[in-house]
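Participant: Following this message is one structure expressed as structure tokens.
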Amino acid sequence: MNCPKCGASFPNGAAYCPSCGAPKSEIDRLVHEAKKAAAKALDTGTAALDRAAKAIEPTVDRAAKKIEPVIKDAAKALRPVVHELSRTLDNVAAKAKPVADTVVRVTMEAVDRAAKATGPIVERAADAGRQVARKVWEKTTKR
């Protein structure tokens with residue numbers, strides 16, 4: 001804690017401030033008064049905010065009542081647009097499905113053909129790799 005009179009550090013258990021000599025009881029009283037003043041300021045601020053909220057509440061209510069029909073009209077106007085958009089998206093999805101199915105089928109057929117065409121080549125390459133590995137093994141084990 002710091003002395004409220006001079007600002008010097010007040011050691012624990014000291015009866016007087018080492019810098020200005022203010023008694024601990026005086027410091028405790030000042031701290032207590034500061035806490036009371038802060039609480040009073042907080043209460044005053046809260047009361048002022050409550051009064052302000054009560055004062056603007058009718059204005060906010062009137063504004064909400066004036067805006068409500070506009071929002072309802074906008075929602076009513078947008079309802080058919082949203083419905084039409086939803087229907088259009090459903091149609092697009094229905095038309096895209098056969099195309100997607102065809103793309104998947106054609107791709108799978110191409111992969112199958114590629115696997116069949118490359119199978120013998122891959123097998124020959126694997127055989128060649130095995131032969132090279134066998135020759136390397138034979139040369140390294142003969143020494």
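Participant: Which whole number of Å³ per residue matches the convex hull of the alpha-carbon atoms in region 31-124?
Facilitator: Working: hull volume 18.0 nm³, N = 94.
Expressed per residue, the convex hull around the Cα atoms of region 31-124 is 191 Å³.
Participant: Placing +1 at every Lys and Arg Cβ and -1 at every Asp and Glu Cβ, with all other atoms neutral, what dipole size does the chain have around its Cα centre, in debye to the nearest 20?
Facilitator: Values: 27 positive and 17 negative charges, 167 e Å.
Roughly 800 debye for the chain.
Participant: Going by the alpha-carbon gyration tensor, a ≥ b ≥ c the square roots of its eigenvalues, is region 60-109 rounded (a/c under 1.5) or, if a/c is not under 1.5, prolate (a/b greater than b/c) versus oblate? Present the calculation step by step, with values, prior to reporting the outcome.
Facilitator: Values: a/c = 12.41, a/b = 4.45, b/c = 2.79.
The shape class here is prolate.
Participant: To the nearest 10 degrees, how steep is helix 24-142 against the longest Cα principal axis of the chain, on a 0 to 90 scale?
Facilitator: Helix 24-142 sits roughly 10 degrees off the main axis of the chain.
Participant: Could you point to the residue in Ala52, Val99, Leu85 farthest towards the positive end of the chain's charge dipole, with +1 and -1 charges on the Cβ of Lys/Arg and Asp/Glu respectively?
Facilitator: Towards the positive end, the residue furthest out is Val99.
Readers should treat all values here as calculations from the given coordinates under stated rules, not as data from a laboratory. Please read these numbers as outputs of a predicted model, since none were measured by experiment. Every residue, glycine among them, receives a Cβ derived from its backbone with ideal geometry; neighbour counts consider all protein chains shown.
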